[in-house]
Amino acid sequence: MLIVAYDFSDNLTRAKFAKFIHKFGRKIQYSVYEIRNSPRILQNIKTEVDLVYKKKFEGGDSVLIFQLCEGDKKKVMRYGYAENDKKEVVIFE
């Protein structure tokens, strides 16, 4: 599993990155996504950040990628709505 967190001061850049990263996973917080891990997906994300977004970084802009192994995934604690991710439950909004 990958956790990708980002912060861009420019609204347009932030919106474009959100649209890009959404292709790979699901939003778990405003600027935080959970993504299924694969070497190909990780490489795609890193390449896009290096080629497109890195040059747009301003003062406090950042992208963080946390790569969790299977053992770490078992240590993730989920509360509230996030608990449903571990269950086979369908939620209608």
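Any read-out appearing in this document is the output of simple, stated calculations on the displayed coordinates, not a laboratory observation. The structure presented is a predicted model; accordingly, all values stated were derived computationally and were not measured. When we count neighbours, we look across all protein chains shown, and the Cβ atoms used for this are built from the backbone with ideal geometry, even at glycine.
As a proxy for reagent exposure, Ser31, Ser38 were ordered by neighbouring Cβ count within 10 angstrom, fewest first; the result is Ser38, Ser31. With contacts taken as Cα pairs under 8 Å at a separation of at least 6 residues, the chain carries a relative contact order of 42 percent. Taking Cα atoms only, the orientation of helix 11-22 departs from the longest principal axis of the chain by about 40 degrees.
Take the Cβ atoms of Arg14 and Phe66, set R0 to 22 Å, and the FRET efficiency comes out at 0.70. Residue order for Phe8, Phe57, fewest other beta carbons within 10 angstrom first, comes to Phe57, Phe8. Against the chain, whose longest principal axis comes from its Cα atoms, helix 39-48 is set at around 30 degrees. Take the alpha carbon gyration tensor of region 29-73, find the square roots of its eigenvalues, order them as a ≥ b ≥ c, and report rounded if a/c is under 1.5; if not, report prolate when a/b exceeds b/c, else oblate. Note, shape of region 29-73 comes out oblate.
Here's the picture: a label point sits 7 Å out from the Cα of Lys56 along the beta-carbon direction, and within region 1-27 the residues with their amide nitrogen under 11 Å of it are 8-21.
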